[in-house]
Structure formats: structure tokens, C-alpha cells
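Step one of this worksheet: look at the structure below.
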Amino acid sequence: MTKTLTIATRESKLALWQAYFVRDQLMQAHPELNVELLGMTTKGDQWLSASLSEVGGKGLFVKELEVAMLEGRADIAVHSVKDLPAQMPSGFVLPIIAFRADVEDVLVSPKGDLARLPQGARVGSSSLRRKSQLLAIRPDLDIQPVRGNVGTRLAKLDSGEFDAIVLAAAGLKRLGIERRDLYTLDIETCLPAPGQGALGIECRADAELLNWLAPLKDHNVAQCVEAERGISAGLGADCSLPVAAHATLDGSGDILLRALVASADGGQILRASARGADPKNVAADAVAQLYDQGADALLAALRA
């Protein structure tokens, strides 16, 4: 007898790409499984007039999908991990963190890379993490919120509304978007968001669902992203605050973690690095370093 699983997904092109990708992975792992999609519009998709930090953070993209799972209309939801709060709500788990693509951000601009943007260039980005790091290098830039899906943001750039916009490289790659005016922002310039480039599968804490999902696990990606998400959790920061983290594995299997928290104007950036075998311990080490440098006061000012 064929088993059917339903994926709750937002209806943007990128969200649908991610959902169809996971559907194909599941059906390849379980030929007897039928996987369907439930397309949904979230509050985050509807509220486009302000930056995410002003309207409640990227958790706005998640709530309706979780309601669909609670009501039994869907079994799982697929997310970009960087869009998820550091703490999962009661009753939900994130058993799969995998399929990581490029972690970097990219600057898209017909006027050149970051160094060549004209004085006072208008740059579209709704991410305080990106804004603070770019302003630390180019305090002259006029960084303004830009919302909407990838196509909408690129259209605003092409219409002249902005001189440049900043996007995640992974999203462009997954959508097959190639342009001559893309400039990668390396992690020295712009440290990524925790979990950037990775896909996460959320579900209820249900043993049968966890068994279906098990073949999609990627231990190495999960270890790195757990350390990165430990920064947000340890600082009590959601993904609307200027917090960044990136982890890799070295040849011995140790996690190498870099993290930062910044003021909104980029005038103050606190940095930490840690290494070790356990993602929770590595994250705790980096968080302690940030607090030793004054992260509590910095975060209090951001929340004020």
C-alpha cells in the first residue's frame, strides 16, 4: 500500500524548488512513497512594506506551515535553515539539516563590486547582519530594506530603484539565475547567517515521520549548522538581529566556528572563534567570548 507524505511549503519559486527537491530525494530513498506539496502563503510573504526586524523576524515565514502540520494537513515542512528561529517550538523537531550549497552572500550590481560602488550608493538589503558588515567597510552606503522574492528584488535593481542588492548565493544557484553583475562577498567581508545555504526539514516529533526522513541525514552538515545555530540560541538572538556564524570541519573532524555580533551601523563588531568536537561546546565557547567582549550591552541596544 502506497504511503503519502505532504510537504507544506511557501509558494515562492525558491521555496517550491526546495520542496520539490526534497520530494524527489524522499521518493528516491523510498520508491513506495508518494509525496505531495501543499502550497501556502505566509504573513512574511504578505507583509512586504518593512524590514523583517521591524515586523517580527523571519519566523513570520514559518508559523502557517507549522499550523498545517498540527492540523494534519501536512506532515513536514522544508525551510532554508537560515530562516528558522534558533529554538524550535514545542512539539516540533528539525531532524534533517542537509543539502548545503554555497554559504556566501553576493552583491548584484551593474556598477561593480563593493569597492567600486559609487559614494552613497543605494543598496537593497533587509538583513541587519548584511547591513552592519557592509557599513563597517563602506559607511557611506545608503542601505535600504528590499522585500519580496528573488525575482522581485532583481526587478527592483534592474529598474534603477537600487544601485545594488545583496542576496544569498545558494538561492540564485538553486534557481539557475546567472548574471554578469554578480560579485561574491567572501566570508571575510560578510560572515553568513547561521545555517545559510542548508535545507532543513521540520516535522512533528513523530517516530514514523522520523523513520521516513532518516535516509536524508547528513551528519557533517548537521554538526556545522548545529554549532552555528548555537550562537543565535546562546545570545538569545533571532535571525532578524546582526548575528553571523560559519562552521567547517577540519581533517580530524573538529568543528571550526567563527561568529560575530554587530551594532546596526557597523561601528562595533565583536568576533569570536572556537574549535572542538562537540557543536554545543564549540558554540558555548564562542558565545562566552562574545559576552566577554560586551555582547550583552550590544544586543540590549539593538533591542531597545
Could you tell me whether residue 270 is surrounded by fewer than 22 Cβ atoms within 10 Å (Cβ to Cβ), assigned to a helix (DSSP H, G or I), in contact with a helix residue (DSSP H, G or I) (Cβ under 7 Å, 6 or more places away or on another chain) and not basic (Lys, Arg)?
-> no
Test: residue 109 is at pLDDT 95 or above, over 27 Å from residue 19 (Cα atoms) and not β-branched (Val, Ile, Thr) = yes
Sort through 191, 213 and tell me the only one that's more than 14 Å from residue 106 (Cβ to Cβ), touching a residue at least 40 places away in the same chain (Cβ under 8 Å), touching a strand residue (DSSP E or B) at 6+ places or on another chain (Cβ under 8 Å) and not in a helix (DSSP H, G or I).
-> 191
Just give me the residues in region 145-186 being closer than 18 Å to residue 117 by Cα and loosely packed, with under 15 Cβ neighbours inside 10 Å, in sequence order.
-> 158, 159, 160, 161, 179, 180, 184, 186
Using the structure shown, decide if residue 204 is outside the structural domain of residue 68 (by TED's automatic domain parsing) and more than 21 Å from residue 148 (Cβ to Cβ).
-> no
Give 160, 171 a once-over and let me know the one that is free of Cβ contacts under 8 Å to residues at least 24 places away in the same chain and small (Gly, Ala, Ser).
-> 160
Across region 180-224, what is the total count of residues that are closer than 13 Å to residue 93 by Cβ and touching a Cys at 6+ places or on another chain (Cβ under 9 Å)?
-> 3
Determine whether residue 247 is crowded, with 20+ Cβ neighbours inside 10 Å, in contact with a strand residue (DSSP E or B) (Cβ under 9 Å, 6 or more places away or on another chain), among the hydrophobic types (A, V, I, L, M, F, W, C) and in a loop (DSSP other than H, G, I, E, B).
-> no
At least 2 residues that are of a type outside the set (D, E, K, R) and modelled with pLDDT of 95 or more in each: list the helices (runs of 4 or more DSSP H) lying fully within region 1-60 that qualify.
-> 13-29
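Assess whether residue 176 counts as being farther than 15 Å from residue 106 by Cβ, of a type outside the set (Lys, Arg) and assigned to a loop (DSSP other than H, G, I, E, B).
No, not satisfied.
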Does any residue in region 4-25 that is in contact (Cβ under 8 Å) with a residue 40 or more places away in the chain and crowded, with 16+ Cβ neighbours inside 10 Å come within less than 7 Å, Cβ to Cβ, of a residue that is acidic (Asp, Glu) and assigned to a strand (DSSP E or B) six or more places away or on a different chain, and which pairs are these?
-> 6/36
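The values are calculated or read from the model by the stated rules, or taken from the named source; none is laboratory data. The shown structure was predicted, so the numbers you read here are calculated from the model rather than taken from an experiment. Cβ: placed from backbone, ideal geometry, glycine included. Neighbour counts: every protein chain shown.
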